[in-house]
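The values are calculated or read from the model by the stated rules, or taken from the named source; none is laboratory data. In this text the structure is predicted, and so the values were computed from the model without any measurement. Cβ atoms come from the backbone with ideal geometry, glycine included; neighbour counts cover every protein chain shown.
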């Protein structure tokens, strides 16, 4: 039992130390909210995953561009035949080496449409990456505020334990002189036990918040600075909705998807038309046989190699090909493309309403939190007055110990609600920014070199043959931003 109590005491002391570290006076080493968001931006594997997916989409443009370029292929083959398996009695070696080339001359714009679709897909994938960036940064803000709230809650609950310990001591003293009954003492003991349980729960919430912080930023929190003033959003709800319709990545991606679907309709039509291609090839055919020179008696004198079949073949041609009847498949694909375009337009309508709803929800949450802060501030002031009065009246015998305990609990509940409302208000501002599509490293001006989605695209969009390193391109972009190149 003693070991268990010692272990619990160690956990409480460790948790209190963590809370003290978070709430310590802020010096040069204190981690700011901006530091937390920068760490999340650099640490996030989710961002790295979606950047890689974006680079994969960039390569689709290169593949589509390559379809308009000539192709060059080679082929070589050799065949050896043993003379024991032939009637001629000669060993034979035949082979050929050839080059072939082809070029698409005209396909009624189908290849150009594929390039346009690939480019629009790249832009849509960039919007998806921006959405992920918003999620990563909001998680960092949420984790930062949760750690601070947990630390404030530990301090609040620890102070409540201290006050209730004093109340229990006073109740015992008054019981000794006969001013209160054993019931009053038991009530004070019960409240103190509940306060210690709440303190333990606050310690547990701190441990959870620390793990969430590590998951978001890549490291455990140390001393956290007071969060700065919340960034500006919009002056009215309608202004916020108008900004969201223009800038939110979901809206931009839905618009890109409509464009892609419209291009898909044109591509389905072009697949019903012919295409014109040119081709050229040249082949060197080699044929050799191994014979033997004999004397008059028929005895072998020396081997001899003959090359009677060496020759070149070359060809140049133009071909026109197109569908005549495909069993109705092409018409079905066209109707399917029309339906998909209609579906994407409907999706754009849904996304616009969803974006509006999310902005409205965030705006309402901000208003609710602001109202709760004003209400809880008034509640705290009134609860403090009530507690002072209850204590004075209890000293005169006009109030019971339970009345004082209830007054203390009401003040504690009000202070805890004030902590929650303050965090909710701060998070609501960032949630509103996210719903408007503005929760990005560039808009927040985090002061770091951000990922440039155009750097890799500009390198591979012309379909280069050489290998391209994403890390190298990233380094080049950083050096260029720093003025080193």
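Residues satisfying the criterion are absent from region 22-44 (criterion: surrounded by fewer than 16 Cβ atoms within 10 Å (Cβ to Cβ), at pLDDT 85 or above and farther than 25 Å from residue 228 by Cβ).
Enumerate the helices (runs of 4 or more DSSP H) found wholly within region 358-467, keeping only those where 3 or more residues are outside the structural domain of residue 250 (by TED's automatic domain parsing).
Working: elements: 401-435, 441-444, 453-460.
Per the criteria, 453-460.
I'd like to check something: does region 219-233 contain any residue that is assigned by TED's automatic domain parsing to the domain that holds residue 423 and part of a helix (DSSP H, G or I)? Talk me through it step by step, then tell me what you get.
Keep residues of region 219-233 that are assigned by TED's automatic domain parsing to the domain that holds residue 423, which gives 219-233.
Keeping just the survivors that are part of a helix (DSSP H, G or I) gives none.
No, region 219-233 contains no residue that is assigned by TED's automatic domain parsing to the domain that holds residue 423 and part of a helix (DSSP H, G or I).
Report, by residue number, each residue of region 171-180 that is in contact with a helix residue (DSSP H, G or I) (Cβ under 9 Å, 6 or more places away or on another chain) and either modelled with pLDDT under 85 or closer than 10 Å to residue 401 by Cα (or both).
Initially, region 171-180 is screened for residues in contact with a helix residue (DSSP H, G or I) (Cβ under 9 Å, 6 or more places away or on another chain), giving 171-172, 174-175, 179-180.
The answer is 171, 174, 179, 180.
Does residue 305 satisfy being in a strand (DSSP E or B), at pLDDT 90 or above, over 30 Å from residue 439 (Cβ atoms) and out of contact with any helix residue (DSSP H, G or I) (no Cβ under 6 Å at 6 or more places or on another chain)?
Numbers: in a strand (DSSP E or B): yes; at pLDDT 90 or above: no; over 30 Å from residue 439 (Cβ atoms): yes; out of contact with any helix residue (DSSP H, G or I) (no Cβ under 6 Å at 6 or more places or on another chain): yes.
Considered against the rule, which asks whether it is in a strand (DSSP E or B), at pLDDT 90 or above, over 30 Å from residue 439 (Cβ atoms) and out of contact with any helix residue (DSSP H, G or I) (no Cβ under 6 Å at 6 or more places or on another chain), residue 305 comes out as no.
If I filter region 200-219 for residues that are out of contact with any helix residue (DSSP H, G or I) (no Cβ under 9 Å at 6 or more places or on another chain), at pLDDT below 90 and surrounded by fewer than 21 Cβ atoms within 10 Å (Cβ to Cβ), do I get at least one hit? No, that holds for no residue.
Kindly evaluate residue 168 against the criterion of being out of contact with any helix residue (DSSP H, G or I) (no Cβ under 6 Å at 6 or more places or on another chain), on the phi < 0 side of the Ramachandran plot, modelled with pLDDT under 95 and assigned to a helix (DSSP H, G or I).
On the way: out of contact with any helix residue (DSSP H, G or I) (no Cβ under 6 Å at 6 or more places or on another chain): no; on the phi < 0 side of the Ramachandran plot: yes; modelled with pLDDT under 95: yes; assigned to a helix (DSSP H, G or I): yes.
No.
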